[in-house]
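Data block below; observations after.
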Amino acid sequence: MKKIVILGSTGSIGTQTLEIVRYHKDIQVTALAARSNIALLEAQAREFLPDMVCVWEEEKAKELAGKLKDLQVKVCAGMEGLLEAASMERADMVVTAVVGMIGIRPTIAAIKAGKDIALANKETLVTAGHLIMPLAEKAGVKIYPVDSEHSAIFQSLKGEDAARISRILLTASGGPFRGRTREQMRDVKPEDALKHPNWSMGRKITIDSATMVNKGLEVMEARWLFGVDFDRIEVVVQPQSVIHSMVEFADGGIIAQLGTPDMKLPIQYALYEKERKDLPGARLDFGTLGKITFETPDFTNFPGLALAYQAGRAGGSVPTVFNAANEWAVSRFLDGKIGFLAITDMIEEAMENHRMIAHPTVEQILDCEAETYELLRVKA
């Protein structure tokens, strides 16, 4: 029986991962980790009986330990707890579904411990891909993408020679404000930006989709996952979210992965290492769908995508600045402190004020994150 650790078990990806575990009943959960939702984490622990649970906030961890004292489960806290969970001996795979750069160190710990990775934390490769990919290759560890788009590419490459890739065609829904000008988006409120037309996701990633910053992060992630330079990664707006991404090969042939907008498919494909298993849920009805349309992305009114290409091509520590500035700005927007358009304005300002480090270490990446937060805090 496969044994997995889920980092971020109370979030969207984590809860859907547990739905798959619950359905198939042939995977054992050995550890669960969450930021602060101890009510849900307690329920998960009682159902799946892991060896350990981890809570980021230490006071919450103490509270949860009291609630779980009738179970034989170890309760840990903070980064130390995440690292212990990620590298625990009994696990075969670690699902990294935490949000933000907090996922870097646990992912590295899991790889060093020889665990395969089901990767749902895009910030890990965006900021530290130059460290993660060589480390995984050296350790003989497999990285299975959980992102819908990267899973689609991964599926399209099955049985193909990756060296013959001509282009990666990364699809985007366009988000809730597709077709609007910046002027029309000036007074957008968080509740407006959180209404994604096709997908049900966490708050932060939903805002990233609205700005198209998320697609920019995915472009940078794809560069590391598939070893393709930025000139061969093209974003295509596909509003129906039916084609999840495509790969064009040297002979001009294109292979695409299609399906309903349901994250459980890419999660399951990663968990079972490319094995096709039964999965309940809606099926694509082409008669009802009627048509699939395509558009060129709007780099002018959604500058976050252009800035992502700029950051990715610059490399080094610049993608970290892009990511950190976005995290800081999105948090402020959700708290009602800044306007919607200020998110990408702050990313651009942070990038312009950064002195690049060509090959940053993990410590330098985390320092760069903190420096970016401080820069924007001072300028706010």
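The values are calculated or read from the model by the stated rules, or taken from the named source; none is laboratory data. None of the values given here were measured: they were computed from a predicted structure. Reconstructed Cβ throughout: ideal geometry from the backbone, glycine too, with neighbour counts over all protein chains shown.
Do we find a residue being assigned by TED's automatic domain parsing to the domain that holds Met246, under 11 Å from Val247 (Cβ atoms) and surrounded by fewer than 14 Cβ atoms within 10 Å (Cβ to Cβ) anywhere in the range 147-159?
Checked the range 147-159: at least one residue is assigned by TED's automatic domain parsing to the domain that holds Met246, under 11 Å from Val247 (Cβ atoms) and surrounded by fewer than 14 Cβ atoms within 10 Å (Cβ to Cβ).
Yes or no: Ala118 of a type in the set (A, V, I, L, M) and part of a helix (DSSP H, G or I)? Before you say what the answer is, go through the steps one by one.
Details: of a type in the set (A, V, I, L, M): yes; part of a helix (DSSP H, G or I): no.
Criteria not met by Ala118.
Got a number for residues in the range 331-359 being of a type in the set (A, V, I, L, M), within 23 Å of Lys189 (Cβ to Cβ) and not in a loop (DSSP other than H, G, I, E, B)?
So the answer is 5.
For Thr361, state whether it is of a type in the set (S, T, N, Q) and surrounded by fewer than 23 Cβ atoms within 10 Å (Cβ to Cβ).
Answer is yes for this residue.
For the condition within 21 Å of Thr296 (Cβ to Cβ) and acidic (Asp, Glu), what is the one hit in Asp208, Asp251?
On inspection, the qualifying residue turns out to be Asp208.
Scan the range 5-22 for residues that are polar (S, T, N, Q) and crowded, with 24+ Cβ neighbours inside 10 Å and report the count.
So the count comes out to 2.
Can Arg22 be described as of a type outside the set (A, V, I, L, M) and at pLDDT below 95?
no
List the helices (runs of 4 or more DSSP H) that sit entirely inside the range 157-245 and contain at least 1 residues that are β-branched (Val, Ile, Thr).
Fully inside the range 157-245 and qualifying: 203-211, 213-226.
Please go through (1) more than 18 Å from the chain's Cα centre (by Cα); (2) surrounded by 18 or more Cβ atoms within 10 Å (Cβ to Cβ) for Ile132 and return the number of the only condition it doesn't satisfy.
(1)
Within the range 234-262, restricting attention to residues that are at pLDDT 95 or above and under 18 Å from the mean Cα position of the chain (by Cα), which residue is surrounded by the fewest Cβ atoms within 10 Å (Cβ to Cβ)?
Val235
Of everything in the range 59-107, what is basic (Lys, Arg), closer than 28 Å to Met133 by Cβ and in contact with a Ser or Thr (Cβ under 8 Å, 6 or more places away or on another chain)? Give them in sequence order.
Within the range 59-107, just Arg90 meets the criteria.
Among the residues of the range 69-99 satisfying the criterion of being assigned to a loop (DSSP other than H, G, I, E, B) and buried (at least 18 other Cβ atoms within 10 Å of the Cβ), which is farthest from the chain's Cα centre (by Cα)?
Ranking the qualifying residues of the range 69-99, first place goes to Val73.
Among (1) touching a Leu at 6+ places or on another chain (Cβ under 7 Å); (2) surrounded by fewer than 22 Cβ atoms within 10 Å (Cβ to Cβ); (3) among the small types (Gly, Ala, Ser), where does Ala34 come up short?
(2) is the only condition that Ala34 fails.
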